[in-house]
Amino acid sequence: MRSSVDAASDKRDADYAVAKEKRDAFADEAKSDCLNEAKARFGK
């Protein structure tokens, strides 16, 4: 059970990192919106 929780947490962290990388392609307000959406989606 514990390993599945750890795996889910690791996947969420990795998905958040990808979202942050994608955010860099956007400009100003879109970049901010993208980051806020990623934070909300991945619980950061």
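For Arg23, what is the net charge nearby, where nearby means another residue's Cβ is under 15 Å from its Cβ and Lys, Arg count +1, Asp, Glu -1? Please report the intermediate quantities before stating the final value.
On the way: positive: Lys20, Lys22, Lys31, Lys39, Arg41, Lys44; negative: Asp15, Glu21, Asp24, Asp28, Glu29, Asp33, Glu37.
Here the count lands on -1.
What net charge is computed for the residues neighbouring Ala8, neighbours being all others with C-beta under 12 Å from the C-beta of Ala8, Lys and Arg scored +1, Asp and Glu -1?
Within the 12 Å Cβ shell, the charges total -1.
Using Cα atoms only, what is the angle between the long axis of helix 28-42 and the major principal axis of the chain, expressed in degrees (0 to 90) to the nearest 10?
That works out to roughly 10 degrees.
If you line up the long axis of helix 2-23 against the longest principal axis of the chain, both from Cα atoms, how many degrees apart are they, to the nearest 10?
Relative to the chain, helix 2-23 is tipped by roughly 10 degrees.
Quick check for you: with a 1.4 Å probe and neighbouring chains kept, what is the accessible area per residue of the chain, in Å²?
On a per-residue basis, the chain sits at 79 Å².
Let a ≥ b ≥ c be the square roots of the eigenvalues of the Cα gyration tensor of the chain; is it rounded (a/c under 1.5), or, if not, prolate (a/b larger than b/c) or oblate?
prolate
Could you please state how large a percent of the accessible area of the chain is carbon and sulfur, counting protein chains only and using a 1.4 Å probe?
It is 51 percent, rounded to a whole number.
Which Cα, out of Ala25, Ser9, Leu35, lies furthest along the positive dipole direction of the chain (beta carbon charges, K/R +1, D/E -1)?
Ser9
The values are calculated or read from the model by the stated rules, or taken from the named source; none is laboratory data. Note that the structure is predicted; figures quoted are calculated from it, not measured. Ideal geometry is used to build each Cβ from the backbone, glycine not excepted, and the neighbour counts take in all protein chains shown. In case anyone asks, the SASA skips ligands and DNA or RNA and just uses the protein heavy atoms, side chains included. Shrake-Rupley method; radii C 1.70, N 1.55, O 1.52, S 1.80 Å.
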